[in-house]
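Asks: Mind having a look at this structure? Questions to follow.
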Amino acid sequence: MARGSVALRTITVLAMSAVLTLGAAPGRASPPPSYVDGGGALADDWRDEPQLARGRVERSDLVGMWQAVLWADGYLPRSGVSCAYDAATAEATRVWQSNHGLDADGIVGRATFGFAGRRLTRIPPWTVYQGEERNLPLRRASGGAYEVYDGGRFRALRRDTVTLVQCRRR
């Protein structure tokens, strides 16, 4: 079997059980500022996202996306994806930062998002975060908004609210 076929099948299976899947509304030229978005080189997509810090950020899909990165790298259990930047997320972030040679302050800012963004790759039609333990399939729509497969459909990730089914159940 061709390597590309195996990769696409793997990504498709992962997408069915993915923690998040991101995307833009149909027909939108560019996403509004309240959506996680990117354009151009994948590695730069997340560097401009708002800073995440315990006690200084509301629950949001963006926090859930960061927690999914920690899950993909083996630093949080899947049940830790709550869209709330809690003590467990801050501690997992500190350990993740330390293990990657970053300032281990537990704050996800430009440097941390930028380092994680270097692991984004395209495996059409997916944009995949290549984690240390598992891949996280995402979808970057043509307008730039990131989507995750959640609750049986693709949802655009929001910076300002929680829309993900996994997080709304809490």
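Asks: Classify region 104-145 from the C-alpha gyration tensor, please: rounded if a/c falls under 1.5, else prolate or oblate depending on whether a/b exceeds b/c.
Replies: Judged from the Cα gyration tensor, region 104-145 comes out oblate (a/c at least 1.5, b/c at or above a/b).
Asks: Also, quick follow-up: Give me Rg over Rh for region 93-170, both radii from the alpha carbons and Rh done the Kirkwood way, two decimal places.
Replies: On the Cα set of region 93-170, Rg over Rh gives 0.99.
Asks: Taking the solvent-accessible surface of protein heavy atoms with a 1.4 Å probe, what is the per residue accessible area of region 45-170 in Å²?
Replies: 43 Å²
Asks: Could you pull the Rg and Dmax for region 29-170, using just the Cα atoms, both in Å?
Replies: Taking only Cα atoms of region 29-170, I get Rg and Dmax of 13.7, 39 Å.
Asks: Take the Cα radius of gyration of region 36-112 and divide it by 2.2 N^0.38 Å, with N its residue count; two decimals is plenty.
Replies: 1.02
The values are calculated or read from the model by the stated rules, or taken from the named source; none is laboratory data. Note that the coordinates shown come from a computational prediction; the quantities given were computed from them, not determined experimentally. Calculation scope for accessible area: heavy atoms of the full protein, side chains included, ligands and nucleic acids excluded. Shrake-Rupley method; radii C 1.70, N 1.55, O 1.52, S 1.80 Å.
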